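Here the structure comes first, spelled out in structure tokens, and everything after it is commentary.
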Amino acid sequence: MSDPANITLVTMDGTTFTVPSAYLHRSKLVQDWLRSEGDKQAMEVKHVTPFVLQGVLNFCEIHAEDTSEPLADPADPTKPFEADPRDDAFRGMPDDQLLQFTMAADILQIPELVRLTAQEMASRIDGKSPDQIRAMFNPDDLAEEDVDSDNEMGEVGEEGAISK
Amino acid sequence: MVDCFGYLLLILWLEQSSRQFSPPPTLSCETVMSNPSGTVMSTPPLPCETLTTICEFLFGPTSGAIDEHLSRGDLFNCSLVSRGWRAAALPLLWETLAVYCGESEDVDIDSGSSESNDDIWPMLADSLVVECASAARDTDPLDEGLRTWHPNFDNFHISQSPRFLQNSVVRALADFYPNLRSLKLTFLRELWDREPPCTVISDQSLCFLIDSCPHLRHLELRKVSDLSNRFLIHCAQHASNLRWLWIEQRGVQLTGEGVVDMSGWKQCLEFIDIRCGNRGGAKMDKAFVKAMGTNFKNLRFCQLGKISRGIRN
């Protein structure tokens with residue numbers, strides 16, 4: 001890598017982002033890549049749109065100076081979730097964007113962002129029926145096996161769902 | 001306090017959800033350089049680990065501010081979204097499913113939980129217990145349920161249920177429960193006399209189970225099988241994590257003859273009890289009995305026919 005202080009990320013459609021490497025010190029994927037393939041020009045980030053990657057990088061920039069110990073597990077029971085006002089923008093995004101950010105956080109292996117988006121998804125699932133959850137977070141990407149399982153579960157899904 | 005904070009978050013979310021999301025401020029460094037193709041990319045399904053994290057926030061110790069507002073009902077609804085969501089939600093939702101079929105052939109699902117909320121649905125993740133006081137003639141085949149739901153039980157126990165004591169159930173376990181730790185299939189003597197199972201568990205299906213469930217630690221087959229030495233030969237060789245083996249059957253052909261390679265059992269086996277024939281009095285193969293007395297570092301109890309090695313410390 002020509003400039004070790006910066007890292008270039010490339011989304012699947014070829015959009016590139018160059019940011020200080022220090023921003024991504026909580027991304028296990030990036031850290032592993034830097035160790036093993038850091039001599040390459042750019043790191044490809046599959047399945048992440050430029051818009052989402054920019055949002056993820058914004059999150060990383062906001063938290064770049066954080067001194068808290070990195071999370072090993074997003075659901076670590078010893079570290080209760082505490083809302084951070086700096087993350088309000090992430091909590092206000094539409095459902096489909098929230099899903100994409102959750103996926104991107106998982107792909108880049110940033111436990112702090114996984115925790116944030118998962119917590120937000122959980123709060124939106126509260127009290128929703130399976131159909132509503134599908135409409136919110138599983139709209140067009142049902143795999144074939146999921147369609148089959150939905151058919152298997154059909155009546156249960158309608159009648160067996162628990163409402164509050 | 002947590003309750004109030006949770007409501008506050010909920011209100012906050014309701015307010016925010018009405019707003020259009022605007023991305024956070026642009027990065028201060030060099031960012032977008034090019035977008036040559038401009039293609040639209042679809043988001044792949046969330047991996048199971050992430051869905052599990054979401055579900056743990058729904059009902060787990062980390063849920064913090066919202067844990068007072070969410071119940072197993074939410075997890076159950078998540079389990080109905082898709083196969084992937086189901087795989088993530090069910091292990092958190094269920095702990096033990098106990099199905100008892102009484103004289104009236106009604107199926108009662110006992111949650112084992114004192115909670116009134118959602119108590120029609122059991123907690124189940126590790127264990128499935130099925131017990132029938134009588135033959136439930138019209139019960140749906142259990143193996144179909146296992147193949148459909150496969151929530152990855154660790155422990156599986158069927159007792160007094162001739163309808164469910166089928167090779168197809170064992171095959172379904174072998175096909176879909178690779179993490180199975182304990183399998184108990186039992187039938188009381190008095191019920192056997194009155195209404196013996198229409199089929200018995202065979203060598204072939206149990207050998208397949210041994211091969212498919214490498215973590216199996218506890219295998220208990222009491223009056224449900226008519227096994228031969230073929231199973232014992234296979235089990236002794238391949239069941240390397242088995243700690244507890246208890247077989248009780250009427251057939252006298254399970255003598256241990258031909259069991260030479262015990263490399264599997266020698267890893268972990270602590271308890272073995274094999275009794276065949278009337279009152280377990282059938283004679284066991286002498287060479288087998290002798291071999292069981294040597295080179296088993298973990299074996300604490302050994303009962304082969306009428307011969308007992310007692311308990312070692």
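Rule-based calculations on the coordinates, nothing more; no lab input. Since the structure is predicted, the reported quantities are computational estimates derived from the model, not experimental observations. For neighbour counting, all protein chains shown are included, and Cβ atoms are generated from backbone atoms with ideal geometry for every residue, glycine included.
Odds and ends about this structure:
- Counting, for every residue in A:87-99, the Cβ atoms of other protein chains within 10 Å of its Cβ and taking the mean gives 4.
- Cut-off 13 Å, label 7 Å out along Cα→Cβ of A:Lys79, residues of the range A:96-111 by amide N: A:110-111
- Remark: spin-label model distance A:Ala72-B:Ala291 equals 4.4 nm, labels positioned 7 Å along the Cα→Cβ axis.
- Protection proxy ranking of B:249-258, A:50-59, by the mean of other Cβ atoms within 10 Å over each peptide's residues and highest first, is A:50-59, B:249-258.
- Table column - 3J(HN,Hα) (Hz), the range B:237-245, Karplus curve with 6.51, -1.76, 1.60, x for Gly and Pro: 7, 10, 7, 6, 9, 5, 10, 9, 10
- Spatially proximal lysines relative to B:Lys266 (Cα-Cα < 25 Å; intrachain offsets below 8 disregarded): B:Lys184, B:Lys283, B:Lys286, B:Lys290, B:Lys297, B:Lys306
- Cβ-based net charge around B:Asp203, under 15 Å, with every Lys or Arg adding one and every Asp or Glu removing one: -1
- Theoretical gain in end-to-end length, B:Lys306 to B:Val252 [0.36 nm per residue, Cα-Cα removed]: 18.1 nm
- Spin-label pair B:Lys266/B:Asp211, simplified geometry with 7 Å Cα→Cβ offset, distance in nm: 2.4
- Residues with amide H under 5 Å from that of B:Ile272, placed H, sequence gap 5 or more: B:Leu245, B:Phe301, B:Cys302, B:Gln303
- Residues whose amide H lies under 5 Å from that of A:Asn6, counting only those 5 or more places away or on a different chain, are A:Ser21; hydrogens are built 1.01 Å from N in the peptide plane.
- The modelled label-to-label distance for the pair A:Leu29/B:Arg279, using points 7 Å beyond Cα in the direction of Cβ, is 6.9 nm.
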